[in-house]
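**Student:** The structure under discussion is supplied below as structure tokens; questions concerning it will follow.
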Amino acid sequence: MGLTTQDSQGLTLKAGIKKYVELRKPTTHMRGFFTRQTYDTTAIPLEIQRDNDYAAVDVLRGTAGNMNKSDIWTAKTIVPPFYHETFSMNSLRSYERIFGESATMATTQARAALANEVAINLGKINSKIIRAEEIQCVQALETGVVVLKNGDNIDYKRRSNSLVDADSAGEGGYWTNTAAAVEKQLQKAASFIREEGSSAAGVFDITMPSQAWIALQATDYFKTKANYNQVKLLSINSPVQSSVGSTYHGQISAGSFIFNIWTYDATYLNDSGVRTRLSDETKIIITPTEGAMFEMAYGAVDTIVKSSGAQSISGLSLAKGAADYYVWDNLDTNNLVHTMHMTSAPCARLITVDMVYTLKVADTWVGDNPVQE
């Protein structure tokens with residue numbers, strides 16, 4: 001006996017979603033710095049942790065102890081931006097073979113074909129949301145401000161001395177000058193994270209555009225003092241070791257610190273169809289390989305719940321649920337469209353906000369060779 005349309009629909013959609021989960025892409029480079037966390041509330045905490053290196057002071061025995069307070073914005077919350085992407089299932093080539101006139105005779109191969117098409121299209125809309133997350137992560141690490149379309153930007157209040165222009169007075173100059181004081185700049189960046197971010201790290205990740213890597217290799221510092229070492233990727237301890245979109249080049253040293261070098265030149269198509277860089281082509285981003293608390297937080301989204309008591313007319317109700325991506329299908333009998341939906345409410349959070357440093361290393365890159373003698 002063949003499957004009914006309803007039975008076939010359930011099996012096909014479950015198979016499609018299962019395959020989509022198996023095919024989901026790994027995190028991209030900037031998301032690799034962020035730990036994934038889901039919340040069961042719409043609003044999530046927007047806390048910033050700044051814990052300076054104070055030392056305890058002794059007190060007389062029998063007296064009140066020194067009162068400590070945590071410099072954390074615990075009272076602030078934010079409703080993350082919401083993403084909702086869809087596609088029409090009944091426009092897929094395999095749909096009619098399952099839900100057409102001969103649906104009750106649908107073969108296993110036909111159901112597998114539709115499940116595969118559903119999975120591929122789920123992957124496409126999921127990739128769009130992932131790119132939006134990646135943009136958030138880039139903005140948080142590059143400027144400290146996540147820019148949202150509705151104007152409610154998230155400002156993590158990065159310290160001004162963590163956002164440095166290398167051409168400013170006393171900073172050592174741009175990398176387009178071969179005599180730039182690169183070692184001084186990197187030493188200063190690592191020292192900021194150590195002192196202001198209360199980090200114990202001795203190894204740091206630098207994410208830079210390819211042009212900056214070319215310029216760096218032409219500097220006097222790189223040629224004489226960088227101690228460049230082409231360490232294998234598997235030999236390093238970095239939160240972005242398995243990320244997609246970046247290239248690992250090895251390690252250099254500056255002062256008492258070691259730096260992993262990553263180049264990253266990812267682009268995306270904006271709403272106007274124009275290919276756009278995710279990151280600023282003139283800036284590098286420095287973070288410690290361990291100890292930083294950066295979070296890709298997912299706020300709760302509405303989920304469909306079958307009501308056992310049939311409390312609503314349709315026998316269904318909505319409830320807030322913790323999920324990174326929530327998927328469901330909907331049959332619009334008025335417009336005759338069978339739609340697959342995906343929603344997500346992600347927010348890139350900087351908790352240890354002083355464990356990231358941004359350095360502008362050029363005003364612009366000229367031609368194929370960025371180094372200006």
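**Student:** Any of Lys76/Lys188; Lys188/Lys283; Lys18/Lys128; Lys184/Lys232; Lys19/Lys128; Lys18/Lys232 with alpha carbons more than 23 Å apart? Name them for me.
**Tutor:** Violating the 23 Å limit, Cα to Cα: Lys76/Lys188; Lys184/Lys232; Lys18/Lys232.
**Student:** Please state the relative contact order of the range 102-212 as a whole percent: Cα pairs under 8 Å, 6+ residues apart?
**Tutor:** Relative contact order here is 10 percent.
**Student:** How many nm separate the modelled label positions at Val203 and Ala112, each set 7 Å beyond the Cα in the direction of the Cβ?
**Tutor:** For Val203 paired with Ala112, the spin-label model returns 4.4 nm.
**Student:** Give me the distance in nm between label points sitting 7 Å out from Cα along the Cα-to-Cβ direction at Val305 and Thr86, one decimal.
**Tutor:** Calculated label separation equals 2.4 nm.
**Student:** Tell me the trypsin sites (Lys or Arg not before Pro) within the range 106-165 that lie in a loop according to DSSP and have at most 13 other beta-carbon atoms within 10 Å.
**Tutor:** Lys149, Lys157
Computed from the coordinates by the stated procedures, all read-outs in this text should not be read as laboratory data. Since the structure is predicted, the reported quantities are computational estimates derived from the model, not experimental observations. So basically every Cβ, Gly included, is an ideal-geometry build from the backbone, and we count neighbours across all protein chains shown.
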